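What follows is one structure encoded as structure tokens, with my remarks underneath.
The values are calculated or read from the model by the stated rules, or taken from the named source; none is laboratory data. The shown structure was predicted, so the numbers you read here are calculated from the model rather than taken from an experiment. Don't worry about glycine lacking a Cβ; one is built from the backbone with ideal geometry, like all the others, and counts go over all protein chains shown. When the accessible area is computed, the model is the full protein with side chains, heavy atoms only, and any ligands, DNA or RNA have been set aside. Shrake-Rupley method; radii C 1.70, N 1.55, O 1.52, S 1.80 Å.
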Amino acid sequence: SDLTSSAYFQLGNVYKKQNRFKEVITVYEDMTKHCYQSLLFPQILYELVIAYIKIDDFVGAKAICYRMMASYLNSTQTPLALYESGNNFFFKQDYLSATDVYNHFLKNYPEHPLFQEVCYQLGLAYGQLQQYEKARSCFFQLQKQYPRSSLLPEVQYGIGWSYYLEGRYKDAVEEFRNFLSMPSNEAKTLMIPEVLYKTGNCLFNLKEYQQA
């Protein structure tokens with residue numbers, strides 16, 4: 001019953017507050033076997049994703065995400081689970097898994113408020129995988145779809161960064177100069193020293209020593 005489901009769910013929450021995530025997983029995995037008709041089920045799956053992430057079991061988290069997509073694609077919890085899972089793959093430097101999860105997010109939730117951030121993170125992940133054309137495709141998409149996005153300085157930097165990593169120094173210089181010509185905001189200000197440093201490196205590699 002939903003009453004029983006609610007009681008078990010609260011027990012999981014108690015364990016969660018105590019940072020006892022293995023116990024959280026035990027409770028919620030058991031619930032997935034017996035309470036699959038409960039209205040709480042999508043939330044249970046989401047909490048499982050978070051618990052698996054907390055114990056560094058990213059494969060377990062990813063498996064639950066795919067289960068959510070298969071059964072609860074329109075649930076509000078499913079894109080959040082993908083977002084959390086993708087970010088944790090990214091920050092653990094498992095960029096291949098991150099791109100997989102991020103792509104599922106972008107395909108299924110093109111209108112979601114987190115779309116811009118996920119698309120940007122996907123571009124960074126592709127860059128780390130040395131798939132520079134795919135990285136720039138993400139950044140160009142953001143520029144085109146969201147011309148007033150607060151992420152535009154990071155996106156413009158990302159374009160130059162991808163050319164820089166690829167060794168296309170002339171293109172990198174052009175994009176870094178485009179970055180420097182953008183209107184100032186906090187994000188741009190913080191990135192200016194890195195852009196100037198990379199621009200100098202590019203010019204040095206191009207043997208344009210006076211400009212460097």
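Taking only protein heavy atoms and a 1.4 Å probe, the accessible area of the range 1-127 is 53% carbon and sulfur. Ranking of GLU175, GLU117, GLU111, GLU186 by solvent-accessible surface, largest first: GLU111, GLU186, GLU117, GLU175 (1.4 Å probe, protein heavy atoms only, all chains present). For the chain, the solvent-accessible area of protein heavy atoms averages 55 Å² per residue (probe radius 1.4 Å; ligands and nucleic acids excluded).
Solvent-accessible surface of protein heavy atoms, probed at 1.4 angstrom with all chains present, puts ARG67, ARG177 in the order ARG177, ARG67, largest first. Residues within the reach of a label modelled at ASP57 (point 7 angstrom out along Cα to beta-carbon, backbone nitrogen below 14 Å), restricted to the range 94-133: there are none.
Size of the range 32-71: Rg and Dmax of its alpha carbons, in Å, are 10.0, 29. Over 23 Å apart at the Cα level, from the set LYS22/LYS92; LYS107/LYS144; LYS92/LYS134; LYS54/LYS134, are LYS54/LYS134.
The accessible surface of the range 157-201, taken with every protein chain in place and a 1.4 Å probe, is 53 percent carbon and sulfur. Computed from the C-beta positions of LYS33 and ASN13, the FRET efficiency with R₀ = 25 Å rounds to 0.85.
Identify which of the listed values of volume of the Cα convex hull per residue in Å³ was calculated from the structure shown: [x] 89; [y] 129; [z] 120. Of the labelled values, this structure produces [y]. FRET efficiency for the pair LYS92 and SER71, taken as 1/(1 + (r/R0)^6) with r the Cβ-Cβ distance and R0 = 35 Å, rounds to 0.85. Solvent exposure of ASP57, expressed as accessible area, is near 50 Å², computed with a probe of 1.4 Å over the protein chains only. Computed over the alpha-carbon pairs of the range 129-212, the distance histogram in 5 Å steps reads 3, 16, 26, 24, 18, 9, 3, 0 percent, short to long. Which shape class applies to the range 1-104: rounded if a/c is under 1.5, otherwise prolate when a/b exceeds b/c and oblate if not, where a ≥ b ≥ c are the square roots of the Cα gyration tensor eigenvalues? Judged from the Cα gyration tensor, the range 1-104 comes out oblate (a/c at least 1.5, b/c at or above a/b).
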